Amino acid sequence: MPIIDIHIHLSDIDSFHQTALDLSKVDYTAAGLKAEFDKNDVVLGIGMGVTEQTKGAFPDSASPNPMGLDLEASVPPFLMECVGINPNMLGGKDALDELDRIEARLQAPEVAGIKLYAGYYHHYVYDKIYSPIYELA
């Protein structure tokens, strides 16, 4: 039976590289992921966008919106992306620019949704900071 993996990461984050190398023993590249997908009958993956501006700062409160899959230059054709949202960047003087970038990215054909990192960034999903994100959705 074909499988859709609905939560993967393909981000250039040190801890992700270390986990792949030391624990998972997988090739942490798009080609490596595609090989694993092919071996296990996975036909599509949904990647959760998350980025770091400072190595080791995951979750990085300075990451601009939207956060995407940044391990490769573009989203591989066997993946779709949920753009990650950094709520810390939604309340400042550049909030409108942040929202404009999020809205523009949501128009891309490879984007499937929005990812809130409520467990990492300390904002409840019902926090008013997310109201403009819900309006975009």
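The values are calculated or read from the model by the stated rules, or taken from the named source; none is laboratory data. Everything quoted here is computed from the prediction, not taken from an experiment. Remember, those area values only see protein heavy atoms, side chains included, never the ligands or the DNA or RNA. Shrake-Rupley method; radii C 1.70, N 1.55, O 1.52, S 1.80 Å.
A 1.4 Å probe run over the chain, with the rest of the protein chains in place, finds 57 Å² accessible per residue. Helix content alone sets the calculated 222 nm mean residue ellipticity of the chain: runs of n ≥ 4 DSSP H residues at -39500 (n - 2.57) each, divided across all residues, give -6500 deg cm²/dmol. Does the range 1-69 classify as rounded, prolate or oblate by the C-alpha gyration tensor (a ≥ b ≥ c root eigenvalues; a/c under 1.5 gives rounded; else a/b over b/c gives prolate, otherwise oblate)? Note, shape of the range 1-69 comes out oblate. Using a 1.4 Å probe on the protein chains only, how many percent of the accessible area of the chain belongs to carbon and sulfur? Here carbon and sulfur together make up 57 percent of the probe-accessible area. Once C-alpha pairs closer than 8 Å and six or more residues apart are averaged by separation and normalised to the residue number of the chain, the relative contact order reads 22 percent. In the complete set of protein chains, residue-level accessible area for LYS25 is approximately 150 Å², probe 1.4 angstrom. Sorting LYS39, LYS115 by solvent-accessible area of protein heavy atoms yields LYS39, LYS115, largest first, with a 1.4 Å probe. Counting lysine pairs in the chain that sit 8 or more residues apart in sequence, or on different chains, and whose Cα atoms lie under 29 Å apart gives 12.
Counted residue by residue at 0.36 nm each, then reduced by the alpha carbon distance between them, the extension gain from ASP70 to ALA104 reaches 10.5 nm. I'm spelling it out carefully: the read-out is Rg and Dmax of the Cα atoms in Å, the candidates are [x] 16.0, 48; [y] 20.5, 75; [z] 15.3, 49, and one was derived from this structure. Which label? Checking each listed value against the structure points to [z]. For the chain, the longest principal axis of the C-alpha atoms and the axis of helix 30-39 are separated by about 60°. Residue order by solvent-accessible surface for VAL26, VAL75, VAL83 is VAL26, VAL75, VAL83, largest first, with ligands and nucleic acids left out and a 1.4 Å probe.
Largest to smallest in accessible area, the residues LEU136, LEU90 fall in the order LEU136, LEU90 (1.4 Å probe, all protein chains included).
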